[in-house]
Amino acid sequence: MFDLNEVTLRGTLTQAPVFRDTKNNTRMCSFTLSVKRKDPSQIRDFLDVVAWGRTAQAMEGLFNAGDAVEVKGGIRRNVYTDDSGQKRVRWEISADRADLFVPEYEGEILPEEEG
């Protein structure tokens, strides 16, 4: 198949994730991920991310503002009508997986803690 909608992002949570249950009793989580662009400008993009079901449940109680996170999923386009009757489009990342990201430690090996 030619089409592919697959995204992997690493960034920082701008605030604590918001958890809630849908009308169908499905757990969901939404958060904003701050991600540096690859170009030399070092500009950051702030991307809306939504996780559903088991992915959202696994994040609960573990993810906090300022955490480094790796997200894997796809881009979704949501069309809706706002309260004033205007048609709106919103793009977001739908996370199939979200993990706390710990870069490999580079440097000296830390001594073990005593006793």
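Please treat every number below as a calculation from the coordinates, not as lab data. Given the structure is predicted, the values throughout are model-derived calculations rather than measurements. Cβ coordinates were reconstructed from backbone atoms using ideal geometry, including for glycine residues, and neighbour counts include every protein chain displayed.
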For the pair GLN57 and ARG37, what calculated FRET efficiency results from E = 1/(1 + (r/R0)^6), where r is the Cβ-Cβ distance and R0 = 22 Å, to the nearest 0.05? 0.10
Just one of (1) 14.3; (2) 16.2; (3) 21.5 is Kirkwood radius over Cα pairs in Å calculated from these coordinates, so which is it? (2)
Go through ALA16, GLY61, SER34 and say which Cα lies farthest out towards the positive end of the charge dipole of segment 7-100; charges sit on Cβ, +1 for Lys and Arg, -1 for Asp and Glu. SER34
Please list the non-local residues whose amide H lies under 5 Å from the amide H of ARG97, H modeled 1.01 Å from N, same-chain partners needing a gap of 5 or more. LYS72
The chain - mean residue ellipticity at 222 nm from DSSP helices (-39,500 (n - 2.57) per run, n ≥ 4, rounded to 500): -1500 deg cm²/dmol
If neighbour count is taken as other Cβ atoms inside 10 Å, put MET59, MET1, MET28 in order from fewest to most. MET1, MET28, MET59
Which GluC sites (Glu not before Pro) does segment 1-97 hold that lie in a coil by DSSP with at most 16 other beta carbons within 10 Å? GLU6, GLU60
For segment 43-52, Karplus couplings with θ = phi - 60° (6.51, -1.76, 1.60), whole Hz, Gly/Pro x: 5, 9, 9, 10, 10, 7, 10, 10, 10, 10
Taking only Cα atoms and a 10 Å spring cutoff, compute GNM fluctuations for the chain and point out the largest among LEU62, LEU100, LEU33. LEU62
For ARG27, ARG10, what's the fewest-to-most ordering of other Cβ within 10 Å of each Cβ? ARG10, ARG27
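Would you kindly state how much longer the chain becomes between PHE101 and ASP21 on full extension, computed as 0.36 nm times their sequence separation minus their alpha carbon distance, in nm to one decimal? Present the calculation step by step, with values, prior to reporting the outcome.
On the way: separation 80, 0.36 × 80 = 28.80 nm, distance 2.60 nm.
Taking 0.36 nm per residue and subtracting the Cα distance, the gain is 26.2 nm.
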